[in-house]
Amino acid sequence: MTFEGLELRSHIGADGTLRIGLVTVRHGAPGPGDVIIRVEAAPLNPTDHYLLTGPADQATMTASGTRERPELTMTIPAAALPFVSRRVGISMPVGAEGAGTVVAAGAGAEALVGRRVAAMAGGMFTQYRQLAARRCVVLPDSVPTARGAAMFVNPLTVLGFIETMRDEGHSALVHAAAASNLGQMLVKACLADGIPLVNIVRRPEQAAILHGIGAKLVMDSSRPDFEHELGRAVAETGARLAFDPIGGGRLAGQILAAMETASASPDGAYEHYGSAVPKGLYIYGGLDRGPTILELRFGFAWRVGGWLLFHFMARAGAERMAGLQARVLSEIDTTFASRFTRTVSLAQVLDPEVFGAFQAKSTGEKYLVSPSADV
């Protein structure tokens, strides 16, 4: 028994050339406890973008190959090459999560044959994926494959934010770039859980999207009164923890400054070292890979760090994560529903126009890869 299909790979050469293309992968009969999934849907998440392109200069992108086996080539600047030196020469599979039908199973996993399952196993931009059966979540008949394919990265990130907030003793949140697919899920989850949430967007139309789903506090950073309104919202909610997917620019410092202003002594007393109230901000993405600018207007009781779903999952443990996944499945049609702008095949991912569109990470634009469309 052999299953053969195409798989999307990203490869960096020693000369700094990045190549993204399709390779043929063959799977024999699965071993004990393993299954082979025919992957039918895999969302293209921001977390996949960096593995696809690394720090490559996309202005250098060229297309080659054939219609069935297209290839994209880009150049990584010499100064950035040391940061990806450990993956040089390695053909990297891409795609954090996906879903499909189990077509073969090893001993102990035979009951899954023919079942639709979802998994966050990496390497899901492929026509056939072999993995341990224990990593699969069986999808109920009522859950479409495409929706089940997106049940991990964004929903678990949202719940990870809320769990982190509670673990650290906070009771409200600030979220930047809040009109994203993930941001809209966070709005719904916080409304359901009664958590005050301050949302930051960059344009009036993004604010309208969030107000339309029930968000109460939406701050538009393009407005001249943004910092004043942000300070008011932070004071109103008591939010002292923020999650920021942007990273670069002044926004992180503005958020911390708003928290500092809201934390000032109520009797107006001068605090030479600023408020002692703890204030924190996590950067969990990299929409802007420029410098993070912190103008020190917020005393010394603050911290800025990185947050990654996979690190949170390791800390949370299997039992806690099982409970969060159960919640996602129970709310997959409401709080955690994903909507896709376009469905593309593996080969279409490497169309320069399509590739550029999803790399732009535009609000409301979410792509679904359908690997089986290439079969």
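Quick notes on this structure:
- Comparing L294, H228, A337 along the charge dipole axis of the chain, the residue lying farthest to the positive side is A337, per the Cβ-charge model.
- Whichever lysines have a C-alpha closer than 24 Å to that of K366, once near sequence neighbours (fewer than 8 apart) are set aside: K188
- The chain, helix-only ellipticity at 222 nm - DSSP H runs n ≥ 4, -39,500 (n - 2.57), divided by all residues, nearest 500: -8500 deg cm²/dmol
- Loop sites in the stretch 1-102: trypsin sites (Lys or Arg not before Pro), DSSP, at most 14 other Cβ within 10 Å: R67
- Rounded to the nearest 0.05, the FRET efficiency derived from the C-beta distance between H211 and T2 at R0 = 56 Å is 0.55.
- Loop-resident sites, the stretch 266-327, for GluC sites (Glu not before Pro), counting at most 16 other Cβ within 10 Å (DSSP): E271, E295
- Local electrostatic count, G299, Cβ distance below 9 Å [Lys/Arg +1, Asp/Glu -1]: 0
- Among M165, M124, M259, residue whose mean-square fluctuation peaks in a GNM of the chain (springs only between Cα atoms under 10 Å): M165
- Sparse packing (at most 14 other Cβ atoms within 10 Å of the Cβ) combined with a DSSP loop state is found for the following GluC sites (Glu not before Pro) in the stretch 75-169: E168.
- Taking every DSSP bridge with both residues inside the stretch 104-259, close to 20 percent are antiparallel.
- When only Cα pairs below 8 angstrom with a gap of at least 6 residues are kept, the chain shows a relative contact order of 18 percent.
- Net length gained if the chain between S64 and E271 were fully extended (0.36 nm per residue, minus Cα distance): 68.3 nm
- Near A276: Cβ cut-off under 14 Å, other residues only, Lys/Arg at +1 and Asp/Glu at -1. The net charge is +1.
- Apportionment of accessible area to carbon and sulfur, the stretch 94-180, percent (1.4 Å): 47
- DSSP beta bridge pairing in the chain, given as percent antiparallel to the nearest 5: 65
The values are calculated or read from the model by the stated rules, or taken from the named source; none is laboratory data. Just so you know, these numbers come straight off a predicted model, no measurement behind them. Quick reminder, even Gly has a Cβ in these numbers, built from the backbone with ideal geometry, and neighbours come from all protein chains shown. To get the accessible areas, we keep the full protein, side chains included, count just its heavy atoms, and leave off ligands, DNA and RNA. Shrake-Rupley method; radii C 1.70, N 1.55, O 1.52, S 1.80 Å.
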